[in-house]
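Engineer: My questions all concern the structure below.
No value in this document is a laboratory result; all are computed from the given coordinates. What you see is a predicted model, and the numbers here were worked out from it, not measured in a lab. Backbone-built Cβ (ideal geometry, glycine too); neighbour counts: all protein chains shown.
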Amino acid sequence: MQTEEPAEEGLTPKQCFTNELAEISFQELQKYFAKGILIKVADQLDIIDVALQIHADNTSQIQKWMDDQDIERVHDDHAQFWVNNRSVLKAVTVAPWVLVQNI
């Protein structure tokens, strides 16, 4: 019988996202790119703040970032660059999305 790890009870969403933030190679993220669920976060934004706004469903802030191209779905040019450079990125999951940012 397989048991799930216990949820991190008592932690704020910010603490949970901070704990889950990790460095990961783009090679390991390619399956999420193929599913269309990778979101690139601009370098000037705090990836944890973006995760919190998505988690809170703050559509006005999310739309502003999208309009300013501060967050966008990862496209082929991003992927090709990261593959060619064997890039390692910061990543955090805000279901169903995986947010990534350059280190």
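Engineer: Starting from the Cα of LYS14, draw a straight line to each of the aspartates and glutamates and keep only those under 13 Å, dropping any in the same chain fewer than 8 residues away.
Structural biologist: Those aspartates and glutamates meeting the cut-off are ASP46, ASP49.
Engineer: Now for a different question. What ranking of ASP70, ASP43 emerges when the number of other C-beta atoms within 10 Å of each C-beta is taken as an exposure proxy, fewest first? If you can, show how the numbers build up before the last one.
Structural biologist: Numbers: ASP70 16, ASP43 10.
With the sparsest Cβ surroundings first, the list reads ASP43, ASP70.
Engineer: Additional query: Select from LEU38, LEU21, LEU11 the residue whose mean-square fluctuation is largest in a Gaussian network model of the chain (Cα-Cα springs shorter than 10 Å).
Structural biologist: Highest fluctuation among the options: LEU11.
Engineer: Quick one: how many lysine pairs in region 20-102 have C-alpha atoms under 18 angstrom apart, if they're 8 or more apart or on different chains?
Structural biologist: Numbers: LYS31/LYS40; LYS31/LYS90; LYS40/LYS64; LYS40/LYS90.
Lysine pairs meeting the criterion: 4.
Engineer: Here's something else I'd like to know. If a/c stays under 1.5 just call it rounded; otherwise compare a/b with b/c (prolate if a/b is bigger, oblate if not). Do that for region 20-102, with a ≥ b ≥ c from the square roots of the Cα gyration tensor eigenvalues.
Structural biologist: On the way: a/c = 1.78, a/b = 1.57, b/c = 1.14.
Prolate, since a/c reaches 1.5 and a/b exceeds b/c.
Engineer: Taking the beta-carbon count within 10 Å as an exposure proxy, list HIS75, HIS55 from fewest neighbours to most. Working shown, then result.
Structural biologist: Numbers: HIS75 11, HIS55 15.
In order of increasing Cβ crowding within 10 Å: HIS75, HIS55.
Engineer: Further, regarding this structure: Give the order of LYS90, LYS40, LYS14, LYS35 when sorted by the count of other beta carbons within 10 angstrom, beginning with the fewest.
Structural biologist: The order, fewest Cβ neighbours first, is LYS35, LYS14, LYS90, LYS40.
Engineer: Just need the relative contact order of the chain here, percent rounded to a whole number, with Cα pairs under 8 Å and 6+ apart. Could you put the intermediate results ahead of the total?
Structural biologist: Working: 121 pairs, mean separation 41.4, N = 103.
Averaging sequence separation for qualifying contacts and normalising by length gives 40 percent for the chain.
Engineer: Can you give the helix-only mean residue ellipticity at 222 nm for the chain, where every DSSP H stretch with n ≥ 4 adds -39500 (n - 2.57) and the sum goes over all residues, rounded to the nearest 500 deg cm²/dmol?
Structural biologist: Values: 5 runs with 45 residues, N = 103.
That calculation yields -12500 deg cm²/dmol at 222 nm.
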